[in-house]
Every structure is written in structure tokens, then in C-alpha cells.
Amino acid sequence: MISIKDLSLAFPGERGPTTVLQDFDLTIGRGEFVAVVGASGVGKSTLLRVIAGLVRPQSGSVVSDQGPTPGRRPYALVFQDSRMLPWRRVVKNVEFGLEGLGLPKAEKRRRALDALALVGLKDKADRWPHQLSGGQRQRVAIARALAVDPDLLMMDEPFGALDAITRQTLQDELVDLWQRTGKTILFVTHDIDEAVYLADRVVLLAGSPAGVRSEDQVTTPRPRRRDDAQARATAAAIRDRLSDYVEQGAGI
Amino acid sequence: MPKPSQSKRLLLAFAGVAAFLLLWEAVPWFGLVRPILLPPPSAIPETFWREVQSGAWHTAVLSSLGHYLWGLFLGSFLGVALGVLAGMSRSLEDFTSWVVRLLRPIPGLAWVPFAIIWFGVTPSAAIFIIVVGVFWINFFAALGAVQAVDRDLIELADAFGHRGPVAKLFKVILPASVSPIMAGLRTGLGQAWMAVVAAELFGVPGLGQRMMQASSLLATDIVVVYMITMAVLYGIIDSTFVAVRDRLLRWKA
Ligand SMILES: Nc1ncnc2c1ncn2[C@@H]1O[C@H](COP(=O)(O)OP(=O)(O)O)[C@@H](O)[C@H]1O
Ligand SMILES: [Mg+2]
């Protein structure tokens, strides 16, 4: 379980600090798939950065009940761009997060190859990143995150830069991966349909400063259909609430 | 435009060299210039052989290579190291910015008086001049390279647990800057030869000094032998460097 309590974060600015997140509260159960939706610029990426410990919040806390475990990292991120290190072969990119954990070389390689196998790219281990397609690179980025066996896998609009067909394929692969690994996932997107299709629970991040404005359980059983009526109704309701916030915030 | 075939390109390159040699041979042959002012290329092999037999060639080449390699190594190493440090630390960059601005425009040759006062007419003086000659090229190449490293990759390092400056340096910053740093090093390879000649002109034994002696005797054929020697040495060193670089950068398309 991951508890995020009363998170507040402000960026220093020329005319004083701008508060981006205020009193953000969220508890994520182990093995849960949670999506955070919000307009662009609302603070979704910032939220993930704070949780990952890349930015120190002004107040609040992020606690994982699993505690530190050797050979693992508590958080892992998948970004919108695949962020490959172009000078490393695919398998070495996947090993990136495993370095510095004191693992023997063979163990690192084994875990990297296992993670690549999970995303179906074991046969591409010796390629250079530029030899892969955009969708394949994003799979490698997912493998890199899975390799460190995180308590929480965070994904920041991971399919936003892909074409529609590849995006749908990767969405289905992700659900499959999640069901097989039992990972806890926090998935950020501005695409409400995507959130409703993928997640158990959809959290609306809105306002300025931003906080949790609503939470919807998506009870549609899996495997899901993209045109499921109940899911569509949930998406429509979230969209309405979001547009209220956007209208309120018009002029910002 | 269709790409000319490999053999055709090679043929053209050879034809170019041949035409150049022919023109060079023709100018003194037709009496346009006196051979003492421009020795014909046909006279060069014999002069070269005389230089080799007297042992002058070996001595000069070995001692110049020594100056070259030491100066190149020290200047490149210091330049890259300090450039990387200044690139990683904003405060170090600010701290050094005016010192850099004042020292940078001083050409390497302007240091000759100090080189002689500090080291005497010794190999160390020549090495010092070469170090100054290649330092700045590498300093600025490394500084620019490190500052241009994609911030997103630095963030990636943070996100995957490589938080300290040393981890970041070796996991991301250095590999990401290899390409521009290599470009700086390569410019230095050429620059250092100029510095070698300049540094030896004031009497430190080597190619430069031998050329100086020869020119004062109007032995222009000897001067040409050493010019060619330098060109060939540079060609060998540069193509070796390019081979190593291409191996290091084979991840590029
Ligand atoms: N390093 C930063 N310094 C100052 N402001 C920032 C910084 N990063 C993000 N912001 C601001 O915080 C807000 C939220 O940004 P972000 O989290 O990237 O939004 P989202 O991911 O939801 O599109 C934006 O207004 C952005 O301009
Ligand atoms: Mg974002």
C-alpha cells in the first residue's frame, strides 16, 4: 500500500512561488491500477516527480508499507518519451536501474532479460535503441521500470506519443502485464477514455492549485471492451466535472 | 545525384594527388621559380634518404613525437577534465568565467617567453606550449558538451537511483558528451602539430628545430621532407583516432 498524504508543492517564481499541488491525498492498494487524469499543465508530471522523490514537496508525505528491500527500488517511472540512453544496447538500457543495487552481473542480466521477455522483446536485447520502432522503445522503457521490481510503477502519459493503433496494442499489453505481475500502477494521462479503459479507479486532478477532485471506481469486468456502456458513462461524468474546472479556471 | 562508386572516388583522389605533384614538379622545371626556392618533388626521396641515413630524421621525429604526445595528452586531459567540472557546476563556471575570458585570447606562442624562463630551452618548455595550445579547445568542447546534455536524461538518472554527481557523470553525462568531446580532441590533434613546430623553433630539438636549421641554410628540400613527415604522422594519428572514435560511437546510426 502506498499512502500519499497532504502533499503540497510550489515552484519558486519571479513573482513569488506558484503552488501547483495542494493537499493532495491518495491511497493506492497493493496490486491496484489507478489512473490520474487532468488537463495538461495541471501538475500530473509534477505529482509523479514528487512521489518518486525527484522534487521535495513543501509538505506532506509519501509512504510505502513495503519498506526498503535489497535489490529493488521503491518507485520506477515510465515517461512519455522512451528516454532510451542511445549509447547503450537495449538490454543495458534495461539494466540501468539495476546498477548501483549491489547485484552480481549475471543477476542483473537475468533480471533485465526477464523484464524484456515480459514485454516480448527478449530477441531485441542486443539492438541499439535507434534500431527499434517507437512502440518497441516504449516497451523497453516499461521493461526498464519493471526490472527494478518497484512497489509502485508510475507511468506519465506513456502512450501519448504513439500512433492510435500502437497505443491500443500497448494498452492491452499493459493490462496483461499488470495482471501477470500483480504490480501496483499509477498511470497518468489526459485521455479520460484511456484512463477508464485501463484502471480500477480514476482520480481527477484539477484546480489551481490542483488536488484530487473526484474518484471513480471502474467496475467493468476484465477483459474489457472499448465501447463498454458503463465505462463510457463514467468517462462522460468525469469529462463533465473536468470541463467545470476548466471553465472556472478560464483565463489562467 | 547518383553516388559515385567507391573505386571511382579512389581513382579521383589519386588523380588529384598526381595532378598536384605534376604541377609542383612543373613549376621549377619550367623555370617559373628557382629550384632552391621550391624544390621539385622528384628531389625529395633522395633528401629523405640522406636524412634517414645521417640519423637526423629518427632523432627529430622521436623527440617531436615525444613532445607531441605528452603535450597532447596533458593538454587534452586537463582541458576535458576542467571543462567537464565547469560544465557540471554552475558555481565553478561562474567562478572561473573571468579568468577564462582573460586567458583564452592569449595565443599559445605568446607563452614562449614564460616557457623559456620557467623551463629553459628544454622538452618541458615545448610540451608546455603544446599543452596551452590544445587546452582551450578541449576545455570549451567539454564545457559545451556537458552543458548540452539532455536534462531529461539527467532526470532519468535521478529516477533510477543514480543521484550523486559521480554516478551521473559516468552513467549519463560523459557518455552523452562523448561525441562533441571527441570532436574537440580531434581538433587538438591538428592544433598540437602546429604547436610542436612553433615550440621547437626556439631551439628545443625536434622537427621544428631541424626545419629551422635547414631553412637558414636554404636547404628547402630538407624543409619539405619534414613538412611531409609531419603531414604523414598527422594522417596516421588522425585516422587511428577516427577509427577509435567510430568504434566508441557505433551506437549512432
Ligand atoms: N521545474 C519547474 N519550475 C517551475 N514551474 C514548473 C516546473 N515544472 C513544472 N512547472 C509548472 O507546474 C505546472 C504543472 O506542470 P506539469 O506537472 O508538467 O503538468 P502536466 O504534467 O499535468 O501537464 C505547470 O504550470 C508548469 O509550468
Ligand atoms: Mg506532464
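The values are calculated or read from the model by the stated rules, or taken from the named source; none is laboratory data. Model, not experiment: these values are computed from the prediction. Please note: Cβ atoms are built from the backbone with ideal geometry, for glycine as well, and neighbour counts cover all protein chains shown. For the accessible areas, the whole protein counts, side chains as well, though only heavy atoms, and no ligand, DNA or RNA atoms are used. Shrake-Rupley method; radii C 1.70, N 1.55, O 1.52, S 1.80 Å.
Couple of notes before you dig in:
- Matching residues, segment A:19-31, being within 16 Å of ligand 2 (Cβ to nearest atom) and either within 14 Å of chain B (Cβ to nearest Cβ) or open to solvent by 20 Å² or more (accessible area, probe 1.4 Å) (or both): A:VAL20
- Residue in segment A:37-56 that is assigned to a strand (DSSP E or B) and within 16 Å of ligand 1 (Cβ to nearest atom) present: yes
- At least 3 residues being within 14 Å of another protein chain (Cβ to nearest Cβ) and open to solvent by less than 30 Å² (accessible area, probe 1.4 Å) is the threshold, and among the helices (runs of 4 or more DSSP H) wholly inside segment B:140-253 those reaching it are B:151-159, B:174-201.
- The condition of being open to solvent by 30 Å² or more (accessible area, probe 1.4 Å), touching a residue at least 12 places away in the same chain (Cβ under 8 Å) and in a helix (DSSP H, G or I) holds for only one of B:LEU74, B:LEU62, B:LEU38, that being B:LEU74.
- Criterion violated by A:ASP149 - all others in (1) surrounded by fewer than 19 Cβ atoms within 10 Å (Cβ to Cβ); (2) more than 23 Å from A:GLN22 (Cβ to Cβ) satisfied: (1)
- Pairs, first under 11 Å from A:GLN138 (Cα atoms) and assigned by TED's automatic domain parsing to the domain that holds A:LEU132 in segment A:156-173, second open to solvent by less than 30 Å² (accessible area, probe 1.4 Å) and more than 12 Å from ligand 2 (Cβ to nearest atom), C-beta under 8 Å, six or more apart: none
- Checking each residue in segment A:57-81 for being in contact with a helix residue (DSSP H, G or I) (Cβ under 9 Å, 6 or more places away or on another chain), within 12 Å of chain B (Cβ to nearest Cβ) and open to solvent by 20 Å² or more (accessible area, probe 1.4 Å) picks out A:ARG73, A:TYR75, A:GLN80, A:ASP81.
- Residue under evaluation A:ARG241, criteria (1) open to solvent by 20 Å² or more (accessible area, probe 1.4 Å); (2) within 16 Å of ligand 1 (Cβ to nearest atom); (3) not small (Gly, Ala, Ser), criterion not met: (2)
- Condition check for A:ARG137: assigned to a loop (DSSP other than H, G, I, E, B), open to solvent by 50 Å² or more (accessible area, probe 1.4 Å) and within 14 Å of chain B (Cβ to nearest Cβ): no
- Among (1) away from ligand 1 (no atom under 13 Å from the Cβ); (2) of a type outside the set (Lys, Arg); (3) assigned to a loop (DSSP other than H, G, I, E, B), the one test that A:GLY60 misses: (3)
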